[in-house]
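K.L.:
First, the structure itself, so that you have it in front of you.
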Amino acid sequence: MTLPALDQPVSFAQHIKPLFRPKDRESMEFAFDLWDIDDVRSNADAILGRLRGGTMPCDGGWSSDQVELFGRWIATGKLD
């Protein structure tokens, strides 16, 4: 996946959802659906905290670019 330039909008469908693998989704189904934009919007701050802390996903953290992208999505209003 190509990350959008800093002046381009971040899309859930195009940029955020693909970051969550099927096994990530399965691991979190007890709490929320990582492939559902409304669930991710509702839990965005908690997800970002876990991503920044390296505890999500449970088998290894995202790259700093991926975490920053998720943070940009939150900062720009969690749009799609």
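The values are calculated or read from the model by the stated rules, or taken from the named source; none is laboratory data. Nothing here was measured: the structure is a model prediction, and the numbers come from that model. Positions of Cβ are generated from backbone atoms using ideal geometry, with glycine treated the same way; all protein chains shown enter the neighbour counts.
K.L.:
Please identify the pairs in which a residue from region 28-49 that is under 15 Å from residue 11 (Cβ atoms) and in contact (Cβ under 8 Å) with a residue 40 or more places away in the chain has its Cβ atom under 9 Å from the Cβ atom of a residue that is surrounded by 13 or more Cβ atoms within 10 Å (Cβ to Cβ) and hydrophobic (A, V, I, L, M, F, W, C), counting only partners at least 6 apart or on another chain.
P.N.:
Taking only residues 6 or more apart or on different chains, the pairs are 37/12; 37/16.
K.L.:
What are the residue pairs meeting all of these: first residue in region 1-15, first residue farther than 16 Å from residue 63 by Cα, second residue hydrophobic (A, V, I, L, M, F, W, C), Cβ atoms under 6 Å, and 6 or more apart or on different chains?
P.N.:
Pairs found: 10/73; 12/37.
K.L.:
Related question: State all residues of region 36-66 that are of a type in the set (A, V, I, L, M) and either at pLDDT 95 or above or surrounded by fewer than 15 Cβ atoms within 10 Å (Cβ to Cβ) (or both); if no residue qualifies, say none. Give the derivation first.
P.N.:
In the first step, residues of region 36-66 are kept if they are of a type in the set (A, V, I, L, M); the result is 37, 40, 44, 46-48, 51, 56.
Answer for region 36-66, where residues must be of a type in the set (A, V, I, L, M) and either at pLDDT 95 or above or surrounded by fewer than 15 Cβ atoms within 10 Å (Cβ to Cβ) (or both): 37, 40, 44, 46, 47, 48, 51.
K.L.:
Of everything in region 7-30, what is assigned to a helix (DSSP H, G or I), over 16 Å from residue 77 (Cα atoms) and not polar (S, T, N, Q)? Give them in sequence order.
P.N.:
Taking region 7-30 and keeping what is assigned to a helix (DSSP H, G or I), we get 12-19, 22-28.
Checking the rest, the ones that are also over 16 Å from residue 77 (Cα atoms) come to 18-19, 22-28.
Across region 7-30, the qualifying residues are 18, 19, 22, 23, 24, 25, 26, 28.
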